[in-house]
Every structure is written in structure tokens, then in C-alpha cells.
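See below for the structure under consideration.
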Amino acid sequence: MSKRNTVNAIISGLGNLTGRMSGLIREMLYAYLFGTSPLIGYFKYAASLPNLARRMFGEGALANAFIPLLADIKKEDQKLASDFSSKILTLTTILNTALALLGIVILFSLGFMGIIKEENSSLIYLGSIMMPYLPLICLAGLLGSIHNLYGKFSLPALMSSSMNACLISASIISIFLKMTPEQTIYLLAFTLLSSGFLQVGILLKSSTKFISLKFKTCSLKAPELKTFWKSFIPVIIGASAQQISTALDKTIALFIGPHAVSSLSYSELIIYLPVGIVGVSLGSVCLPSLSESLAKGDQESVQKDFHKALAQTFFLSIPCSLLFYLIGESLLKILFLRGAFDLDSLAFTLRAFLWFLPGIPFFTALKVILPLYYSNKNTKTPLKVSVYMIALNLILGISFIPLLSHASLAMASVVSGTLNFIILLVFAKKLSYLSELKPLLKTFLLPLFSAILSFIIVNLVIQQYFNQLLPSLEFVTNLIFTLCVCASFSLFYFIAFKIFHRAFSTKFS
């Protein structure tokens, strides 16, 4: 990427890092208060529904369909860009509000029909409280995408931090007031809803500095929206396949056992830490950058930006995957092993966590390759691939439950996510979005070999000198062990990367 895009990615990454770290603190408090109890599982499942909608109708699919069109309009006429943005914001907010109301009706209908049992009624009430968060978070996601197009990356990236700050505050209040788990979970639900209003208010206020947004209704069949609908409808599934699969996994997990939803959620939190910091940051910068380059007909810049973004993705995500194998158990003990989160909760979470690890590089790379298609206004190819991957995820996840329990869902996500990326990469070459794939192979193999060598060396040292520390439950012991392993692995990784770089430069030149 260009120097400007790299700086923007760093800014976005720092904002996402703040959001992810505050999310980690939030989950640590959840673990202390609830462990892997059914109550927190219901809360997480109810929260996943608005978050899925945000990915589909907010910062994910909608942004990927909307931003390339807005980039073209912005280049021609700023007033038309403001008008187009206002119509999209208004229309999607109305539709998402209707979707939220429909969700509430469906929840109560499932309860009335007995599909959701009486002992699980908390799911109905929590879902009803949190469904109105759906139009708010979708609006916030879309406003954040508009900010990104205008080169404002820090504020949107910090929005999740404002939500987490609200939920952290509510959790601390419940601890000091010694509230019951039932009282705490409903306090958290109302707090989440309030944070949605806060995010929308902040982003709307900020957007007045560079674009004029108004409440502006229009017909669904308005001529100016025709191109938008052609892009948006396929992108709903194409850009959100991973989130759709995650939502389906959580639905299946509800029937596996009371621990399944929360165990998957705790492990996903750590897995998606590098995905969010690296993949989302680079992806959010790539889409406006690629769209503007294509609008100018600068294909060379498109190739260059994508190659560099993917190289940065693999350089950071591949070592994370192998490092987490070494420190996974100790890391979970440091973060969660206290309060209601006991050794059984640890075992459940660790099992899912380990099965998620191979997917980190590919979950992250998906965030980078999808903008390549959407900037070329190709939504059909990702759609077709995603449909097959969602089906594969379901088949694999359900088939291996007897063998792997809830970890089956993690394994299925990794397989489908990996295949999704590989297929899209091959198709990108066939569609001439990429001139050749050989240089991209280097961007994957170089960090992979470097990380594997580092893993072998550090693992041998652990087995030889520190194996007796691994069963420890002491916080300080696990913290020192984790920090030492991270420092050693990072040092060996950078040395190995330098050593291999010369050989790979010759091989793939």
C-alpha cells in the first residue's frame, strides 16, 4: 500500500486495538460474573443477532456495496454524494428498525409455540431488549464507513471502545452492588442498547465536518438506487459469510450444552483479536483506496496496494496462530480463571480455542481480499463462494459434534474460512484482478516457515526447562511464562524472517 494508506491502516489498527482490548476486559468481567453459565450464553446469543445485522447491513455488506458507488459520486459532485448518503442512511435505518421489530415478534412466537422452553425464557426477554440495538449499530457502522472514505479512520475504530466502556462500567457496578446474576444480565442488556445511541450521536456530530446528512426518504425503486441494489443484495451473503456461519454456530451450540455458546464466545474473542486489529484495519483502508484507484483507472496501484496489504496480513497473523498454540492455556488462565470461571469452564474454552487457531491467517486475509472484488463492483463471485462455504460449515459442524462436541463448530469455521479465501484468490487471477499469484505465495510461505522454525525452537525450550510450570494455576506464574514465551518467539521469528527473506527473494523473483 502507499505510505498514506499504511498510516491510515496503523491509525485504524490502533483504534481497533483499543476496542479489542477493552472488549477483552469486558469479557474478563463476564467470565468472573457468569463463567460459562447458560445465562451469559443467552446474553451472548442475543447480542450476536444485532452484531450479525451490523456486519450485513452496516459496516460489512452495505459498506462494501455502498462505498465504491459513493467514491464515484464524490469524485463528480459533493452535493450529490451527500444526497445519496442521506437516502441510504434513512432507508437502511427504516428497514433495520422493521427487522428489529420482526425479530422481537419471532422470539415471542418461538416461546409461545414452545420451541424456546420456559426455562430458557431469558433468551426471549434479553433478545427483546437488545433487538432495538440493531438499527443503531447498523447506522453507526455505515457512518463509520463514510468516515473512512473521507480519510477519517480513528473515530470509527474507537466506537466499539465506547460500547465496551459502557458494559465494563455496568459490570463493575453490579460487582460493587452485589447484584444477582439475573439482575446483572438485564443491566448489561439495557446498557448495550444505550451504547448504541451514544455511538450514533458521536458519529453524526463528527460527520457534519465533511458531509451534509439529512433524514431523506425515497422509494425502494428510485432510479439512483438501482445500481446500489444490484451490488448490495449479493453482498449481504458474500461479505457476511463468516458472521452468518458464526451466528449459525451459536444457534447449534445452544442445543449442544449450557457451556457451548459462552465457551465458543470466549475463545473467539482471542482468535479475532489479531483478525480485528490486522484484517479489519487493512480491509477498511483497502476498500476506499482500491475504489478510488479503480475510479482513476490506475490498475497498477490496485495490484501494489493489494499485494502489500496481503503481505502485511500474513506477516502478522501467521505467527499469532502458532504463538497461541504455545501460550493458549496459560493465556486463558490469566484472562479468565477467577470467580465463576472454574477449571471446567477453562477446559471447555481451551478445547474450542485450539481448534480455531489454524484459521487466524485466513479469517484475516478474507478481510483483505473481499475489498478487491467489491472495488471492482463484483459481488456475484463472493456470493456464490460464500453460499457453498456456509453450507460446508453447517455440514462439517453438525457431522463432527459426536466426536468433538462444541469444538466441531470451531473446526468447521476454520475449514470453510480457509477454502473461502483460497477459492477467491484463484478466481481473482482468472478475472484478471491480479496479474499473477506467484509473488503472493511468497507472502504466505515466508512468514509460515519463519513462524514454524520459531515454534519448534521455543517449544523445545519449554519442554526442556519450563514443562513443570504448565500445570500451574498461579496468575503470576502464568503471566511470567506467557510474557517470556511471547518475547522469545517474537525474537526468533524476526531473526528467522530476515534469514529466509533473502532465499525467498531469489526463489520468487
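Bear in mind these aren't lab numbers, they're just calculated from the coordinates by the rules spelled out. Since this is a predicted model, take the numbers as computed values, not measurements. Glycine gets a Cβ as well: all are built from the backbone with ideal geometry, and neighbour counts include every protein chain shown.
The table below lists the values:
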read-out	value
Q78-I495 pseudo-label distance in nm [points 7 Å out on the Cα-to-Cβ vector]	5.5
Neighbour-count ranking [beta-carbon atoms within 10 angstrom, fewest first] of M389, M411, M21, M179	M21, M179, M411, M389
Rg [Å, one decimal], Dmax [Å, integer] - the range 70-210, C-alpha atoms	18.5, 59
Sequence-separation-based contact order of the range 439-509, relative, with Cα cut under 8 Å and 6+ spacing, percent	57
Fewest-first ranking of S262, S399, S86, using other Cβ atoms within 10 Å as the exposure measure	S399, S86, S262
Ranking of H307, H147 by count of other Cβ atoms within 10 Å, fewest first	H307, H147
Sequence-distant aspartates and glutamates (8 or more away, or on other chains) whose Cα lies within less than 15 Å of K377	D72, E292
At 0.692 mPa s and 37 °C, Stokes D of the range 439-509 from Kirkwood alpha-carbon radius, µm² per second	242
Computed E for C486/L403 - FRET, C-beta separation, R0 30 angstrom, nearest 0.05	0.40
Residues of type aspartates and glutamates that K216 reaches as a straight line, Cα spacing below 17 Å, ignoring anything fewer than 8 places off in the same chain	D83, E224
Distance histogram for the range 391-509 (every C-alpha pair counted, 10 angstrom bins, percent rounded to whole numbers)	11, 22, 27, 29, 9, 1
Given K308/K429; K308/K367; K152/K214, the pairs whose alpha carbons are separated by over 18 Å	K152/K214
